[in-house]
Amino acid sequence: MSRHPTLKWAQRADVLFITIDLPDAKNVKLKLEPEGKFYFSATAGAENLPYEININLHDKVDVDKSKASVGPRTIVYLIKKEESKWWNRLLKEEGKTPMFVKCDWDKWLDEDEQEEKVGGDMDFGDIDFSKLNMGGGGEFDEDDSDTEEEINKEEEEEEAIEKKMETATALPVSNGVEATA
């Protein structure tokens, strides 16, 4: 009987981030089909215990533009959605989410946060908003908002993940053909 490793997921309108936590995974096999069928299997540990995930994603995906990277502690998938839209859940099946499926809060953005981030780089020049008398009252507590340094760090982490995905030894994830590492 196979065990289920922890699967963490996050999304943007056009992609899914799936991270499988399985240190020292061996004999990694993955299969991704256009209709959203996702299969993963591997062995791990000193006893080479079998692990497996077999799920149906919420909607169709673009297999040819999806990528996978097998690392020493995790297996990371960047799955391109067929349609650029937000999914209200990861799995096609409604009901209780399996215990091994978790949100990846390190990568998670809400739909409105993604839109804010896109428009967040606007240049306001030398405008001092404190002198515009726009009301609001009260003190601004800088500790309650993300500093520019935190935002830059988040952007750098996302870029590092994307760069890692580009430079990683890509396992072909296409047309239901299995890939091994």
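The values are calculated or read from the model by the stated rules, or taken from the named source; none is laboratory data. None of the values given here were measured: they were computed from a predicted structure. All Cβ positions, glycine included, derive from the backbone under ideal geometry; neighbour counts span all protein chains shown. Note: accessible area is taken over every heavy atom of the protein model, side chains too, but ligands, DNA and RNA are not part of it. Shrake-Rupley method; radii C 1.70, N 1.55, O 1.52, S 1.80 Å.
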Query raised in the report: Among the residues of region 82-100, which ones are assigned to a loop (DSSP other than H, G, I, E, B) and of a type in the set (A, V, I, L, M)?
Result: L90, M99
Report task. Find the residue count for region 23-44, including only residues that are under 16 Å from the mean Cα position of the chain (by Cα) and assigned to a loop (DSSP other than H, G, I, E, B). Result -> 1
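How about region 1-22: which of its residues are assigned to a loop (DSSP other than H, G, I, E, B) and hydroxyl-bearing (S, T, Y)?
Within region 1-22, just S2 meets the criteria.
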Report summary line: Checked region 36-72 for anything of a type in the set (D, E) and out of contact with any Asp or Glu (no Cβ under 9 Å at 6 or more places or on another chain); matches are E47, E52, D64
Query raised in the report: Being open to solvent by 10 Å² or more (accessible area, probe 1.4 Å), part of a strand (DSSP E or B) and within 13 Å of L22 (Cα to Cα), is that true of even one residue in region 55-62?
Result: no
**Report entry** Every pair of residues 6+ apart whose Cβ atoms lie under 8 Å, when the first sits in region 29-53 and is closer than 11 Å to H4 by Cα and touching a residue at least 40 places away in the same chain (Cβ under 8 Å) while the second is open to solvent by less than 60 Å² (accessible area, probe 1.4 Å) and outside any strand (DSSP E or B)
**Finding:** P50/S2; Y51/S2; Y51/P5; Y51/L22; Y51/A25; E52/S2; I53/P5; I53/F100
